[in-house]
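Chemist: I have a structure here, written as C-alpha cells, and I will follow up with some questions on it.
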Amino acid sequence: MPGLSKSRYTTFCQCSKALWLRVYHPELQPEDPNLQARFEAGNEVGDLAMGLFGPFVEVTTHTADGKLDLKAMMEKTKQEMDHGTEVICEASFSYEGCYCAVDILRREGSGWAIYEVKSSSSHSGDEVQLPDKFDKYAVDIAFQQWVLEQCGIKVTGAYLVTINGDYERVGNLDIHQLFRIINLKEKVDSEYPLVPGRVQLAKQTLKQEQEPERAIGPHCADPYECGFWQYCAAKQGLSQDEGEPTVFDLYRMNASKKWEYYNAGKITFEDLRDEPLSDMQQLQVECTLSCTDHIEPEGIREFLDGLSYPLYFLDFETFQPIIPPFDHVKPYQQVTFQYSLHIIEHEDGKLIHKEFLAPSDGSDPRRALAERLCQDIPMNVCSLAYNKAFECTRIKELAGLYPDLSAHLLNISDHIVDLITPFRARHYYVPAMGGSFSIKSVLPALFPDDPSLDYHNLDERVQNGGDAMTIFPLIQHMDPDEAAATREALLRYCELDTLAMVKVWEFFKQEADIQ
C-alpha cells in the first residue's frame, strides 16, 4: 500500500477522493507549466529558512537515481539527535507507513520544536485579524507531531515560518526580517486528537481499488486549489466543454453564494433566470440564454468622446520574486521589467509601436524602464490601459522610487483611461465572453477568426502573463540562443497585448458608427 506522507494526509483532510486520484490517477490533473518554477522558488525559501537558528545539519540524501533516500535520511536524523545536534533540517521519521520530513527540528528544553516553513506570506497582526488563515497549516503540523510522538520524540513546540510580507529589503538580505515565526501550538493541540482517526481513514482510502464517491462541494474550494476540479465537475455534468454554462461561470459571484445556489438545485442559467442577480450577472444570463449580443452605442460613444489624440496604448509585464532581489522591494512585490506601447498620433494616423525589455542579467530593471517610459510617453497625453489599476499602481510605485521622474510618471498615470470601462459598464456584452472581461476572453469573442490575434499562436514559451512572469528571471541562466529566443517571445507576447487593445478600440469605433 502506498505510504501516507504529510502532503497526502492534508490532501485527505480536504477530500478523500482527491487523495485517491492523486496516488492512482495523477494524470487527471491538468498540466501546470509553472509548477517547476514554483517548486524551485519554494526550495529557495526553505534553504534560506534553515539558517534562522544558527548552525544546522541538513539530512537530505538522494539515491543514485536522484530520488530521496528516506531510509538514509531517517538514520541520519537519529544519529544527529543522539549526537546532540541543536537544529536538524528535513529531519525524517516514519511510523507504520506514515512518513514526514520536518522542515526545521530544533531542540527546545526537554524536547523538540517543529518549524514548518511555507513560502506564503503573512503580515503583522494576521494572527489576530485573520486567525483562520493558519488553520490549514495546523493540520499539517499536527500530523508531523503525531508521527514524531509515535516514534518516541517529545514535541514541545509547533511553529509556522512564513514570509514576512511587511519586510522591505534595504542593503543585504536580512533573513530574520524576511521570515515571521508564528506559534501555532494552540491550534495544533486542537487538531492533534483528530489525527489517529484520520490516519486510519486515509489508509483505508489508499487500500481501495475503486475511486471513492464524493460529490463536489465547498471542500473543493477554489477550483485552482484542487487539480481534479475539472475531472470531478465533468463527472457531475458541469463540463464547460459540453457547452452549457453553470452557476460556477457567473460573473463575480463569490464562492459561498455559488455553492448556495448549487445545493439548492439552481445550477444552469435557466435555473438562475429569476434569481436576484447583479445587473451584470443578469445580462450574462439573458444574453447567453437568448444567444444575443447586448450593445449600448450611446455609452460606447460617450466613452470614445472622452479620448483625445495622440493615443498611447500601454501594457506592463512584471515578475513577483518571493525573496526581494533588489533594494526597496518587498516579498511578492510586482517588479516591472517590460512594456509595450502602440501609438496613434491622429485620426487615420499610422500605428507606431515602441517597446522596452530590461536586460536579462539579474539587475534591477526599474530605473531604466521608468526613464524610457518618460521618453516614450509625453506629459498630458491620453493613454489607455486594460484594467488600468495595474499599470497605474506600477507607475506610482516607480514615481515613489525615483523622485526626479515623479512628476512625469504621475502625469502619465493621471491621464490613463481604462479600456475595460465599456465592458464593465454593460455597454457591450456577447455570450462568447463567458462572463469574463479579461483581454484573453474579449479578444477571441470579438475576433474569433483572426489568427494574428490568437495568443495560442505565439511562441509556446510565452502565451500569457503567468508565462512572462515566470520566465523572465530565468533568462539570465539560459544559453545565449535560448535566451535570445525567449526574449523575442516576451516581446511578441507583450506587443500582442497592446495590439489587442488597439483592435478593441477600433471595434468600439466601428460599433458606435454603425449604431
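Chemist: When Lys and Arg each count +1 and Asp and Glu each count -1, what net charge do the other residues less than 15 Å away from Ala264, Cβ to Cβ, add up to?
Modeler: -1
Chemist: In Å², what does the accessible area per residue of the chain work out to with a 1.4 Å probe?
Modeler: Heavy-atom accessible area per residue stands at 48 Å².
Chemist: For the range 386-474, run through the GluC sites (Glu not before Pro) and keep only the ones in DSSP coil with at most 13 other Cβ atoms within 10 Å of their Cβ.
Modeler: Details: sites: Glu391, Glu397, Glu460; in loops: Glu460.
Of the GluC sites (Glu not before Pro), the ones in loops of the range 386-474 whose Cβ has at most 13 other Cβ atoms within 10 Å are Glu460.
Chemist: With labels modelled as points extended 7 Å from the Cα through the Cβ direction, what inter-label distance (nm, one decimal) is found for Lys154 paired with Glu209?
Modeler: Going by the 7 Å Cα→Cβ label model, 4.8 nm.
Chemist: Can you check what the net charge comes to around Val247, using other residues whose Cβ is under 14 Å from the Cβ of Val247 (Lys, Arg +1; Asp, Glu -1)? Working shown, then result.
Modeler: Working: positive: Arg252, Lys257, Lys258, Lys266, Arg273; negative: Glu244, Asp249, Glu260, Glu270, Asp271, Asp274, Glu275.
Within the 14 Å Cβ shell, the charges total -2.
Chemist: Further question on the same structure: How about the range 1-80: which GluC sites (Glu not before Pro) there lie in a loop by DSSP and see at most 13 other Cβ atoms within 10 Å? Can you show the working numbers first?
Modeler: Working: sites: Glu27, Glu31, Glu40, Glu44, Glu58, Glu75, Glu80; in loops: Glu31.
Answer by residue number: Glu31.
Chemist: Tally the DSSP beta bridges in the chain and give the antiparallel ones as a percent, rounded to 5.
Modeler: Working: 38 of 56 bridges.
Of the beta bridges lying entirely in the chain, close to 70 percent run antiparallel.
Chemist: What label, among (1) 21, 55, 22, 2, 0; (2) 18, 46, 31, 5, 0; (3) 22, 59, 18, 0, belongs to P(r) over Cα pairs in 20 Å bins from 0, in percent computed from the structure on display?
Modeler: Answer by label: (2).
Chemist: Cα to Cα, under 20 Å, and not fewer than 8 places away if on the same chain: which lysines meet these conditions relative to Lys136?
Modeler: Lys6, Lys17, Lys118, Lys185, Lys187
Chemist: Please give, to one decimal in nm, the separation of the simple spin-label points placed at Phe507 and Asn183, each 7 Å out from Cα toward the Cβ.
Modeler: So the two model labels end up 5.7 nm from each other.
Chemist: With charges set only on the Cβ (+1 for Lys and Arg, -1 for Asp and Glu), what does the dipole of the range 1-97 come to about its Cα centre, in debye to the nearest 20?
Modeler: On the way: 9 positive and 15 negative charges, 92 e Å.
Once rounded to the nearest 20, the dipole reads 440 debye.
Chemist: Enumerate by residue number the GluC sites (Glu not before Pro) in the range 297-351 meeting two conditions: DSSP loop (anything except H, G, I, E, B), and at most 14 other Cβ atoms within 10 Å of the site's Cβ. Walk me through the numbers before you get to the answer.
Modeler: Values: sites: Glu298, Glu302, Glu317, Glu345, Glu347; in loops: Glu345, Glu347.
Listed in order of number, the matching sites are Glu345, Glu347.
Chemist: Cβ under 12 Å from Ala49's Cβ, Ala49 left aside: what net charge do those residues give with Lys, Arg +1 and Asp, Glu -1?
Modeler: Details: positive: Arg106, Lys118, Arg180; negative: Glu44, Asp47, Glu58, Glu90, Asp103, Glu116.
Counting the neighbours of Ala49, the net charge comes to -3.
Chemist: Which of the lysines could a cross-linker bridge to Lys396, judged by Cα under 18 Å and excluding same-chain residues fewer than eight apart?
Modeler: By straight Cα distance, Lys396 reaches Lys330, Lys388.
Chemist: Further question on the same structure: Counting only protein heavy atoms and a 1.4 Å probe, tell me what percentage of the chain's accessible area is made up of carbon and sulfur.
Modeler: Numbers: 12170 of 24950 Å².
About 49 percent, which is the carbon plus sulfur part of the accessible surface.
Chemist: Follow-up question, since we're still on this one. For the chain, what does the helix formula give at 222 nm: sum of -39500 (n - 2.57) over DSSP H segments with n ≥ 4, over the residue count, nearest 500 deg cm²/dmol?
Modeler: So the calculated ellipticity at 222 nm is -13000 deg cm²/dmol.
Chemist: Dipole of the chain (Lys/Arg Cβ +1, Asp/Glu Cβ -1, origin at the Cα centre): which of Tyr159, Ser16, Leu410 lies farthest to the positive side?
Modeler: Towards the positive end, the residue furthest out is Tyr159.
Chemist: What is the distance in Å between the Cα centres of the range 331-365 and the range 179-210?
Modeler: 48
Chemist: Which value, in Å² rounded to 10, gives the accessible area of Ser5 with a 1.4 Å probe and all protein chains present?
Modeler: Here the residue's solvent-accessible area equals roughly 30 Å².
Chemist: From zero up to wherever the largest Cα-Cα distance of the range 386-515 sits, split into 5 Å bins and tell me the percent of pairs in each.
Modeler: Final binned percentages: 2, 9, 15, 17, 17, 16, 13, 8, 3, 1, 0.
The values are calculated or read from the model by the stated rules, or taken from the named source; none is laboratory data. Everything numeric here is computed off the predicted structure, so don't read it as measured data. Neighbour counts are summed over all protein chains in view; Cβ atoms, including those assigned to glycine, are modelled from backbone coordinates with ideal geometry. The area values use the complete protein model at the heavy-atom level, side chains included, leaving out ligands, DNA and RNA. Shrake-Rupley method; radii C 1.70, N 1.55, O 1.52, S 1.80 Å.
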